[in-house]
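Below is one structure, written out as structure tokens; comments come after it.
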Amino acid sequence: MPEKHEIIIVGAGLSGLSAAHFLSKSMPEIDILILEQDSRPGGAVRSFNEQGYLAEWGPHGFLDNNPASRALLSETGLDRIAQKAPLNSFVRFVCHQGQLVQLPQSPPALLATSLLSPLGKLRLLGEFFKKPLAKEQNVGQWAAYRFGPEILPLVDAAITGTFAGDYNRLSIDAVMPGVRALEKEAGSVLKGLLRKKRKPGALLPAMTSFPLGMEQLITTLSTGANILYHSPVREISRKNQVWEISTETRTYRAASVILALPVNRSLELLATHAPPLSAIPTARIATVALGFTDKAQVPFGFGYLSPEREERFAMGALFSTNMFPGRAPAGRVLMEALVGGRRHPERLELSDEELLSRVYDDLRKLIPLPEPPCFSRVLRGNSSIPQLEIGYPALLTWKDALEQDLNGLHLCGFGWEGIGMNDMIQTSRIVADRILRRAGGKRQNPEVKPVYF
Ligand SMILES: Cc1cc2nc3c(=O)[nH]c(=O)nc-3n(C[C@H](O)[C@H](O)[C@H](O)COP(=O)(O)OP(=O)(O)OC[C@H]3O[C@@H](n4cnc5c(N)ncnc54)[C@H](O)[C@@H]3O)c2cc1C
């Protein structure tokens, strides 16, 4: 006989665990089973801890400006131990003509930066007079049309830092739906932003992690959750108003099923429902963790990003020991360089030795590193970042219609409604609210997310 539960969640990554948390928080007696294919929870979130160095296979942090994430941290007590690196005090750099230049972190700072010529700055303001174009555009086309071509290296850096993606393929309507809505509503992004002016004195958000790395979030959320490991779900179907969820060896039944999976994994399970795309492209990256003595003159800040036109090997690097204390033994510093992405998957084919030496060569042309690394490790994660490219909005429309049609089916996870941790936690909370039939259970209007890259 199939085993019955009230709710089955497929996937014990951040999305599945967050959905389980929000559901159990409101209804402690609710019967939830999480089916996870792997032997560990966390999916893309995984921390590396060796010889006193703490690095990340996946995400390095998230901004503390999302209400759902803030609720998750306070409800689990993690807010009391969270480590924060505020954007107010930590600058970021972009590689520009072979040098690290500080990035402007606000629209007014853009007008003062040496990264744009006076003409480029004037063209930026020309955005006020550009009519919104209704058709779906890629991020590069859209940014060049609205703000002028000089902005493109900065847009490239932002897209590299978030999607490891290619701005000539990602859809602006998918990547920044809030900005697109603002543009259409106000007639220009700048006009819309001026109307929405930040409250005076409002602080910029802070990048957040934990003393044991991002995995501490997963360990906390998974403790006490009812997770069945080594349980890859192969099929889901609906019979007599009940969902049947099958692994290779067992079938489970539930009134509600949450697929908390990366988009492509969900599309495999929903293939019979004719999605407009059978899969979306993804991008993989490797983290190259390098420890140095404190003779390394790492600039104070989060790290740097490199636009493609700079033709560098690494997409950028995080100055990890600047951001979060305790990530290296005393007297040592840790940097984590990121390699690969949508444009350079071939670089991930290189051996660890080759990757280490190419990254070190690249970094020392930008940062004074008088000695070779005293610690090095290549971290190749299993997860890849979904690319919300042209055509993706149609997939999102299909998803919404499917959830309407199929009572009890809920979709969240990597690549649905965004790709960042805040997006995942927020969407999981919306799904939980919908199941509990609470007011928050509807998709909210897309927000204008400030770009802090
Ligand atoms: C390299 C990298 C760097 C990143 N950096 C950042 C960052 O700095 N900041 C940020 O905000 N975000 C970052 N992200 C994104 C962030 O990691 C994701 O938003 C988040 O982890 C996605 O969580 P998820 O649970 O939706 O998906 P996943 O983490 O993919 O979890 C899905 C889970 O489902 C399981 N699963 C898959 N198929 C099945 C099946 N058929 N049956 C059962 N189980 C299944 C998987 O094993 C996995 O455990 C990064 C991602 C990557 C890959």
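Every read-out reported here was derived from the displayed coordinates using simple, explicitly stated rules and does not represent laboratory data. Quick caveat: nothing in here was measured; it's all calculated off a predicted structure. As a convention, Cβ positions derive from the backbone with ideal geometry for all residues, glycine included, and neighbour counts pool all protein chains shown.
How charged is the neighbourhood of Arg309? Take every other residue with its Cβ under 13 Å from the Cβ of Arg309, and add Lys/Arg as +1 and Asp/Glu as -1.
-4
Find the centroid of the Cα atoms in the range 372-391 and in the range 140-195, then give the distance between the two in whole Å.
First find each Cα centre; the distance between them is then 24 Å.
Sorted from fewest to most neighbouring beta carbons within 10 Å, what does the list Ser24, Ser15, Ser117 look like?
Ser117, Ser24, Ser15
Sorting check: for 53-62, 106-115, 386-395, 371-380, which peptide has the highest mean count of neighbouring beta carbons within 10 Å, and how do the rest follow?
Descending mean neighbour count gives 53-62, 386-395, 371-380, 106-115.
With +1 assigned to the C-beta of every Lys and Arg and -1 to the C-beta of every Asp and Glu, and no other charges, what is the dipole magnitude of the range 1-68 about the Cα centre in debye, to the nearest 20?
Result for the range 1-68 is approximately 80 debye, rounded to the nearest 20.
Between Ala109 and His230, what length in nm is gained on full extension when 0.36 nm per residue of separation is reduced by their alpha carbon distance?
Result for the pair: 38.5 nm of gain on full extension.
Treat every Asp and Glu Cβ in the range 106-195 as -1 and every Lys and Arg Cβ as +1, leave all other atoms uncharged, and give the resulting dipole magnitude about the Cα centre to the nearest 20 debye.
Dipole size: approximately 320 debye.
Would you pull out the residues with amide H under 5 Å of Glu235's amide H, same chain only if 5 or more places away, H placed 1.01 Å from N?
Counting only residues 5 or more places away or on other chains, the set is Ser246.
Which of the residue pairs Lys84/Lys365; Lys121/Lys196; Lys295/Lys365; Lys191/Lys399 have a Cα-Cα distance greater than 25 Å in the structure shown?
Lys84/Lys365; Lys191/Lys399
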